[in-house]
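The values are calculated or read from the model by the stated rules, or taken from the named source; none is laboratory data. As the structure is a prediction and not an experimental result, all values here were calculated from the model. Here the Cβ is made from the backbone with ideal geometry for all residues, glycine too, and neighbour counts use every protein chain on show. Accessible surface areas use protein heavy atoms only, side chains included; no ligands, DNA or RNA. Shrake-Rupley method; radii C 1.70, N 1.55, O 1.52, S 1.80 Å.
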Amino acid sequence: MRVKSHPILGEDYRSEFVDITVDGKKIKAMAGEPIAAALLAAGIKIFRNTPKTGQPRGIFCGIGRCTDCVMTVNGVPNVRTCVTPVEEGMVVETQIGHGRWGENK
Amino acid sequence: MKNTQVAIIGAGPAGLAAAIEIASAGGKVTLFDENQKPGGQLFKQIHKFFGSREHKAGTRGFRIAEKLLQDTEELGVEVLLDSPVYNVFDNFTVGYINSNKEQALQAEKIILATGASENALAFPGGTLPGVMGAGAAQTMINVNRVLPGKEIIMIGSGNVGLIVSYQLMQAGADVVALVEAASGIGGYGVHAGKIRRAGVPLYTSHTVKDVVGENCVEEAVIVELDENWQQIEGTEKHIKADTICVSVGLNPLTELARLVGCDFTFIPALGGHVPEHDKNMETTVKGFYVAGDISGVEEASSAMEEGRLAGIACAESLGLYDNQKASELKQEVWTRLDTLRKGPFGQKRKDEKDKLIKLAEGGEQIG
Amino acid sequence: MGSGIKKTGVPSREELKNIPGVPSEARLEEGPVAFIECVQEIPCNPCEEACRFDAIEVGKPITNLPKLNEEKCTGCGMCVAACPGLAIFKLHKNYTAKTSIVEFPFEYHPCPQKDDNVRCVNREGQFVVEGKVIQVKSPKKFDATVLLTVEIPREYLLEVRSIERKRCK
């Protein structure tokens, strides 16, 4: 959910969007925002599944340190979505385990 | 190879303040940051700061950040963004990555202003999506303007927990519980007062026992603690929530200080292992300075003052200031820093920082 | 849970009695006045700077608790907007024969408008009484901190400190 109007920061006047694809589904992202923000705004909280037990993981630290939020982006696994900005046409996939180059799963 | 007089690593409040000092003295500065934008964590601080006029009290954090950026720009400070520094090699050669390429820059002095990261807390369900650092949630709402959830439980009542609780409500979420293991509130009473007036239930002497949910957070079970911090069976409460924010302190990001061989000391009140530094913020490795949370976790106002100190000291050692001028300038900063480290919330930090300084200046050794 | 600011985030009656920022009963009778609920020594003095009448003294070190000079205070409310801790209130006890007004900072959405009826809460966030907004101040220099002035039955003067914020659901 986006915070459109805010008591301190005022209205959000940003109007430049890009389209990204998340697990085959198109979502609108705000130009320049981190992938993780676009996903949370779209209500997506599960970013990957762990290698051994397949447990779900999402964003934790938000500053690129903990690597809990890594996903496969444009075929590259282990991309830290909290510090990687979206780009038009980006293909984002839930990462299964350690992920694989060039494809998901 | 590119060169500069002072390389500063980290463009948060400490790094920016240091850069401004050095550039004002006529020095050439290169400021590195791994992020897309400078400002560190200041842009998510939308509350009015404490302190006095010279600390920019009453000004919202993000406005202070805007001013710092404006000053660095006017002074012609070179800012390299999206440029993580991965090591510092012999002779002050900074190794960094820019545009997916390894690059190097030759400096004469280096200031490490890398900040801190949030501590995690281990509890069952603590890895479920929806459990996140309070600072991460704060970035989401105030910088990215995205709400991570609607019903939020905050763990920890230090200033970060209190301020982020308030700001989550400003962004439109509900904070359904503030959980604190200690018997009292950790942060400023006035911050707690704001969220109490907004109706946030406060659970002191409580901890989170379990977080449940199929794939994401759906509910938390909190439990009361006795005076020995043990859970009291039968006092469990189930609270519906979609997000658990964890604010149980921060720890300094010290990797680079480790790599260059700085001496460290363990000081829990400052966030853990911190590089020893003297009154000039210089570490035990000559020519390497630290400023801000890397040198002990405090808050943004102190970080800026430490940045200024490191900046003035660098300028002095480069011969940009004579000793008298430098010591006058440093004294002004020390006076302001001491002001921030007073009272029931500040004195402990002051004592611990003094300990660090004593160590670096060749005082007693700890273990 | 115990009581007092450290335990609850709410200053106790005792704590409020012992701080130098709270005006006397007599002064409350006289007219609008600042009511400074600052009970912890934190490094902060914008209230002192904000007062054009030298009615608030923090001095040095700035961890001193703010001291209200109730004779000098005109009840202008500048300190209410200046306090980063949102801990200052303006009280006007004898606003009418039966009502008082309380002015406090408000930084949530949606913000009520003049003449709205609002649900007033105490320091614990509990509903106390209905009130009516008689003024909404938000000049640029307050930097988005809105001051709400709410008229309430007089007996709640020392209780009402804010209004309910709108919940998600």
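Worth a mention:
- Cleavage-rule hits, trypsin sites (Lys or Arg not before Pro), the stretch A:1-98, DSSP coil, Cβ neighbours within 10 Å at most 13: A:Lys4, A:Arg14, A:Lys52
- Over chain B, the hull volume per residue, using the convex hull of the C-alpha atoms, is 146 Å³.
- With K and R counted +1 and D and E -1, the other residues having a Cβ less than 12 Å from that of B:Leu112 yield a net charge of -2.
- Cys residues of chain C counted as unpaired, since no other Cys beta-carbon is under 4.7 Å: C:Cys38, C:Cys44, C:Cys51, C:Cys73, C:Cys76, C:Cys83, C:Cys111, C:Cys120, C:Cys168
- Viscosity 1.306 mPa s, temperature 10 °C, Stokes-Einstein D of the stretch A:5-96 from Kirkwood C-alpha radius, µm²/s: 117 µm²/s
- Computed magnitude of the charge dipole of the stretch B:277-367 (debye, nearest 20; Cβ of K, R +1, Cβ of D, E -1): 160 debye
- Comparing Cα centroids, the stretch A:38-105 and the stretch B:270-312 end up 34 angstrom apart.
- Fluctuation leader among B:Ser295, B:Ser99, B:Ser24 - chain B, Gaussian network, Cα springs under 10 angstrom: B:Ser99
- For the residue pairs B:Lys150/B:Lys342; A:Lys25/B:Lys150; C:Lys17/C:Lys60; B:Lys330/B:Lys350, the C-alpha atoms sit more than 26 angstrom apart in B:Lys150/B:Lys342.
- Placing unit charges on the Cβ atoms only, positive for Lys and Arg and negative for Asp and Glu, gives the protein assembly as shown a dipole magnitude near 1220 debye about its Cα centre.
- Across the stretch A:8-82, the mean sequence separation of Cα contacts (distance under 8 Å, 6 or more residues apart), normalised by length, yields a relative contact order of 19 percent.
- Taking amide hydrogens as placed 1.01 Å from N in the peptide plane, the amide H of B:Leu80 sits under 5 Å from those of B:Leu31, B:Phe32, B:Asp33, each at least 5 positions away in sequence or on another chain.
- Radius of gyration, Dmax [the stretch B:51-162; alpha carbons; angstrom]: 19.0, 52
- In sequence order, the stretch B:86-93 has phi-based couplings of 9, 6, 10, 8, 4, 6, 6, 8 Hz under the Karplus curve 6.51 cos²θ - 1.76 cosθ + 1.60, θ = phi - 60°, and Gly or Pro positions carry x.
- Inter-part distance, the stretch B:1-79 to the stretch B:155-188, computed on C-alpha centroids, equals 28 Å.
- With respect to chain B, whose longest principal axis is taken over its alpha-carbon atoms, helix B:61-74 is tilted by about 20°.
- Among A:Val73, A:Val86, A:Val22, the largest mean-square fluctuation in a Gaussian network model of chain A (Cα springs under 10 Å) belongs to A:Val22.
- Per-residue 3J(HN,Hα) values for the stretch C:59-69, derived from phi via the Karplus relation 6.51 cos²θ - 1.76 cosθ + 1.60 with θ = phi - 60°, read x, 10, x, 6, 7, 3, 6, x, 10, 8, 8 Hz in sequence order (x marks Gly and Pro).
- Placing R0 at 35 angstrom, the Cβ-Cβ distance between B:Glu54 and C:Lys98 gives a FRET efficiency of 0.15 after rounding to 0.05.
- Take the Cα of B:Lys325, step 7 Å toward its Cβ, do the same at B:Asp338, and the gap between the two points is 2.5 nm.
- Each residue of the stretch B:226-367 gets 169 Å³ once the volume of the Cα convex hull is shared out per residue.
- The calculated FRET efficiency for B:Asn251 paired with B:Ala104, based on their beta-carbon distance and R0 = 22 Å, is about 0.15.
- For the stretch C:128-142 versus the stretch C:1-61, the inter-centroid distance based on Cα atoms is 21 Å.
- Label point distance in nm, B:Thr93-B:Leu75, each placed 7 Å from Cα along Cα→Cβ: 2.9 nm
- Nonlocal amide H pairs with C:Ile56, under 5 Å, H built at 1.01 Å: C:Asn69
- Stokes-Einstein diffusion coefficient of the stretch C:5-163, Kirkwood radius over Cα pairs, 37 °C, 0.692 mPa s, in µm²/s: 208 µm²/s
- Taking a sphere under 11 Å around the Cβ of B:Ala241 and counting the other residues whose Cβ falls inside, with K and R at +1 and D and E at -1, yields a net charge of -3.
- Across the stretch B:265-360, C-alpha contacts under 8 Å between residues 6 or more apart give a mean separation that, scaled by the residue count, equals a relative contact order of 31 percent.
- Dividing the C-alpha radius of gyration of the stretch B:185-273 by 2.2 N^0.38 Å, with N its residue count, gives 1.48.
- Full extension of the chain between B:Val212 and B:Asn119 yields a length gain of 31.4 nm, computed as 0.36 nm times the residue separation minus the alpha carbon distance.
- In this structure, the pairs whose alpha-carbon distance is over 28 Å, taken from B:Lys325/B:Lys358; B:Lys279/C:Lys6; B:Lys28/B:Lys67, are B:Lys279/C:Lys6.
- Largest accessible area first, the residues B:Phe43, B:Phe123, C:Phe53 order themselves as C:Phe53, B:Phe43, B:Phe123 under a 1.4 Å probe with ligands, DNA and RNA left out.
- Pairs of C-alpha atoms in the protein assembly as shown farther apart than 41 Å represent 29 percent of all such pairs.
- Taking all protein chains as shown and a probe of 1.4 angstrom, B:Lys279 keeps an accessible surface of around 100 Å².
- Summing Lys and Arg as +1 and Asp and Glu as -1 over all other residues whose Cβ lies under 10 Å from the Cβ of B:Gln231 gives a net charge of -3.
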